[in-house]
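The values are calculated or read from the model by the stated rules, or taken from the named source; none is laboratory data. Predicted, not measured: the structure shown is a model, and the values here were computed from it. Backbone-built Cβ (ideal geometry, glycine too); neighbour counts: all protein chains shown. Only protein heavy atoms, including side chains, enter the accessible area calculation; ligands, DNA and RNA are left aside. Shrake-Rupley method; radii C 1.70, N 1.55, O 1.52, S 1.80 Å.
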Amino acid sequence: MISFDLSDPDVELYEAARRLLVTAHHSENHRVAAAMRGESGTIYLGLHIGSKRLNVCAESSALANARMAQEPSISSVVAVSMDGEGQPQVTNPCGLCRELLRMYGTEATVLVDAEGEVGKVNITELLPYPWMRAAETEWNTLPPRAAESVT
């Protein structure tokens, strides 16, 4: 469930990503900045790295920074991109980032653009069914079968 009751730490996280984007923005190479708070409270920054053939998301570079600092998990994250007038705004994580973030912070909150208003949701709400190999689950999945028709 989305919450629009943002806290000072939520705003602080946004401001950290916004400052990075304003400083480093490039329309092709650095389109998105991200900030994430680790379990320790430390904020880690990340920047989109792009070329003509390859892009690395800002969220994944922030996560790499957190892991290199031995942060055990993340508690919150935000990504920021420029709007059409060159102003930073919250942007929602792509599918790859949703999957990656869920692996490192199952209780993490994500600041999201809820059609023009910033809110926050738990990462599990952005990706309710994460990608997993069958051998990695704690359950056995039955094969699909058609529902029996009632006549």
### Summary
Among trypsin sites (Lys or Arg not before Pro) in the range 100-144, those in a DSSP loop whose Cβ has at most 11 other Cβ atoms within 10 Å are 133
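What number comes out for the charge environment of residue 43, summing +1 per Lys or Arg and -1 per Asp or Glu over other residues with Cβ under 9 Å away? Numbers along the way, then the final one.
On the way: positive: 37; negative: 12.
That works out to 0.
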#### Entry: Label point at residue 6 placed 7 Å out along Cα→Cβ; residues across the range 35-50 whose backbone nitrogen lies under 17 Å
35-37
## Note on the structure
Calculating semi-axes √(5λ) of the Cα gyration tensor in Å from this structure picks out, from [x] 36, 15, 10; [y] 31, 18, 17; [z] 22, 18, 15, entry [y]
### Query
Scanning the chain for GluC sites (Glu not before Pro) in DSSP loops with at most 13 other Cβ atoms within 10 Å, what's the longest stretch left with none?
29-84
### Query
Where does helix 58-68 land angle-wise versus the long Cα axis of the chain, in degrees 0 to 90, nearest 10?
90
### Query
What is the local net charge at residue 127, summed over the other residues whose Cβ is closer than 9 Å to its Cβ (Lys, Arg +1; Asp, Glu -1)?
0
### Query
Which whole-Hz couplings ³J(HN,Hα) result when phi for each residue of the range 96-101 is put into the Karplus expression 6.51 cos²θ - 1.76 cosθ + 1.60, θ = phi - 60°, listed in order with x for Gly and Pro?
4, 5, 4, 5, 5, 4
#### Entry: 27, 61, ranked by accessible area, largest first (probe 1.4 Å)
27, 61
### Global size of the range 52-137 as Cα Rg and Dmax, reported in angstrom
13.9, 48
### Between helix 8-24 and the chain: long-axis angle, C-alpha atoms, 0 to 90°, nearest 10
60
### Task
Using DSSP to define loop residues, name the trypsin sites (Lys or Arg not before Pro) in the range 1-72 whose beta-carbon has at most 14 other beta-carbon atoms within 10 Å.
52, 53
### Query
What does the convex hull of the Cα atoms of the range 23-68 come to per residue, in Å³, rounded to a whole number?
59
